[in-house]
């Protein structure tokens, strides 16, 4: 019952939401402290969404056991990865490399 309520709330709230994707260049170079904080909140939400999806998916994208990826760990992984990349365009959504980094850091084999 609680699960259905949460799903229903998510669907209803998403109709009025005006979602904005966070790009790598905006995450790495925020305009000010307010934007930096909003970027951190977005990253935290992205990590939580990936963790929840992975727990409920029949085929796991990454295997962490009972661990949960912290938001600080995700920010560190993403920052390190961005420093090493030279061919990745700046307009890449941060969720894409984040998922790839989680798959690489916590493989399922």
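Just a few scattered comments:
- Matching residues, region 58-93, being modelled with pLDDT of 85 or more and in a loop (DSSP other than H, G, I, E, B): 58, 59, 60, 61, 62, 63
- With respect to the conditions (1) farther than 23 Å from residue 106 by Cβ; (2) at pLDDT 85 or above; (3) not in a helix (DSSP H, G or I), residue 20 lacks only one, and its number is (2).
The values are calculated or read from the model by the stated rules, or taken from the named source; none is laboratory data. Since the structure is predicted, the reported quantities are computational estimates derived from the model, not experimental observations. Note: ideal-geometry Cβ built from the backbone for every residue, glycine included; neighbour counts use all protein chains shown.
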